[in-house]
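Novice: Quick one: the structure is below, questions incoming.
The values are calculated or read from the model by the stated rules, or taken from the named source; none is laboratory data. Note that the structure is a prediction, hence the values are computed from the model and not measured. Virtual Cβ from ideal backbone geometry, glycine too; neighbours counted across all protein chains shown. For accessibility, only protein heavy atoms count, side chains too; no ligands or nucleic acids. Shrake-Rupley method; radii C 1.70, N 1.55, O 1.52, S 1.80 Å.
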Amino acid sequence: MKEKENKFEEFKKSTQHPKEELLAILTVNPITVRVAYLIKKFNLNISPNQITSIRLFLLFPLTILFLFLAPILQNKFFYILSYVLVYFMAFTDDLDGNVARGLKKTSNFGAFLDSIADRTYTFVILAFIFSLGET
């Protein structure tokens, strides 16, 4: 049991980012470190770039679509769905970094892709805030 805890603690230390934000540390980071550890432990073939691509090419368009449909269809459920997707965007943002650092799979392309995904996340947050005035 102690050996498993030591392996997890070592992995957790390897995933720490020197500029980690307090909000991430308190909300998504405790979960994403464990998910990243499970990816490593069970030798799942999931790369950080795949996680970033999911955020960029699936979660981002779906969130924008739901934010677009909510006022048109006058359905607040789409706002709830977009809120959940915004959370998953934050979750995958933290997860891809933890997987990259924990599995030592960092790359310049991954950093570039993550940077683009971060800008789209900022755009979604702004769109989400401004669209809430429509309700």
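Novice: Quick one: which of 38, 62, 113, 69 is in a helix (DSSP H, G or I), at pLDDT 95 or above and either under 25 Å from residue 132 (Cα atoms) or aromatic (Phe, Trp, Tyr) (or both)?
Specialist: Numbers: 38 fails: either under 25 Å from residue 132 (Cα atoms) or aromatic (Phe, Trp, Tyr) (or both); 113 fails: either under 25 Å from residue 132 (Cα atoms) or aromatic (Phe, Trp, Tyr) (or both); 69 fails: at pLDDT 95 or above.
One residue alone meets the criteria, 62.
Novice: Out of the residues in the range 35-61 meeting the condition of being in contact with a Phe, Trp or Tyr (Cβ under 8 Å, 6 or more places away or on another chain) and farther than 13 Å from residue 90 by Cβ, tell me which one is surrounded by the most Cβ atoms within 10 Å (Cβ to Cβ).
Specialist: First, pick out the residues of the range 35-61 that are in contact with a Phe, Trp or Tyr (Cβ under 8 Å, 6 or more places away or on another chain): 36-37, 40, 49, 55, 59-60.
Among the residues that remain, those that are also farther than 13 Å from residue 90 by Cβ are: 36-37, 40, 49.
Numbers: 36: 27, 37: 19, 40: 19, 49: 18.
Only one residue fits best here, namely 36.
Novice: Next up: Among 72, 64, which is among the aliphatic types (A, V, I, L, M), open to solvent by 60 Å² or more (accessible area, probe 1.4 Å) and more than 30 Å from residue 7 (Cβ to Cβ)? I'd like the intermediate steps shown before the answer.
Specialist: Values: 64 fails: open to solvent by 60 Å² or more (accessible area, probe 1.4 Å).
The match here is 72.
Novice: Yes or no: residue 15 over 29 Å from residue 129 (Cβ atoms), among the β-branched types (Val, Ile, Thr) and in contact (Cβ under 8 Å) with a residue 60 or more places away in the chain?
Specialist: yes
Novice: Further question: Restricting to the range 16-30, name every residue that is in a loop (DSSP other than H, G, I, E, B) and either in contact with a Ser or Thr (Cβ under 6 Å, 6 or more places away or on another chain) or modelled with pLDDT of 85 or more (or both). Before you say what the answer is, go through the steps one by one.
Specialist: Filtering the range 16-30 for residues in a loop (DSSP other than H, G, I, E, B) gives 16-21, 27-28.
Once the filter is applied, which keeps residues that are in a loop (DSSP other than H, G, I, E, B) and either in contact with a Ser or Thr (Cβ under 6 Å, 6 or more places away or on another chain) or modelled with pLDDT of 85 or more (or both), the range 16-30 yields 16, 27, 28.
Novice: Could you list, in sequence order, all residues of the range 88-110 that are assigned to a helix (DSSP H, G or I) and either among the polar types (S, T, N, Q) or loosely packed, with under 13 Cβ neighbours inside 10 Å (or both)?
Specialist: Quick first cut of the range 88-110, residues assigned to a helix (DSSP H, G or I) only: 88-102, 108-110.
Result: 92, 98, 108, 109.
Novice: Could you check residue 23 against (1) surrounded by fewer than 13 Cβ atoms within 10 Å (Cβ to Cβ); (2) closer than 16 Å to residue 105 by Cβ and say which number it fails?
Specialist: For residue 23, the failing item is (2).
Novice: Does the range 111-135 hold any residues that are over 16 Å from the mean Cα position of the chain (by Cα) and open to solvent by 40 Å² or more (accessible area, probe 1.4 Å), and which are they?
Specialist: So in the range 111-135, the residues over 16 Å from the mean Cα position of the chain (by Cα) come out as 126-135.
Hits for the range 111-135 are 126, 129, 130, 132, 133, 134, 135.
Novice: Does residue 84 fit the bill of being in contact with a helix residue (DSSP H, G or I) (Cβ under 6 Å, 6 or more places away or on another chain) and either open to solvent by 90 Å² or more (accessible area, probe 1.4 Å) or closer than 24 Å to residue 120 by Cβ (or both)? Let's see the steps before the verdict.
Specialist: Working: in contact with a helix residue (DSSP H, G or I) (Cβ under 6 Å, 6 or more places away or on another chain): no; either open to solvent by 90 Å² or more (accessible area, probe 1.4 Å) or closer than 24 Å to residue 120 by Cβ (or both): yes.
No; evaluated as a whole, the condition is false for this residue.
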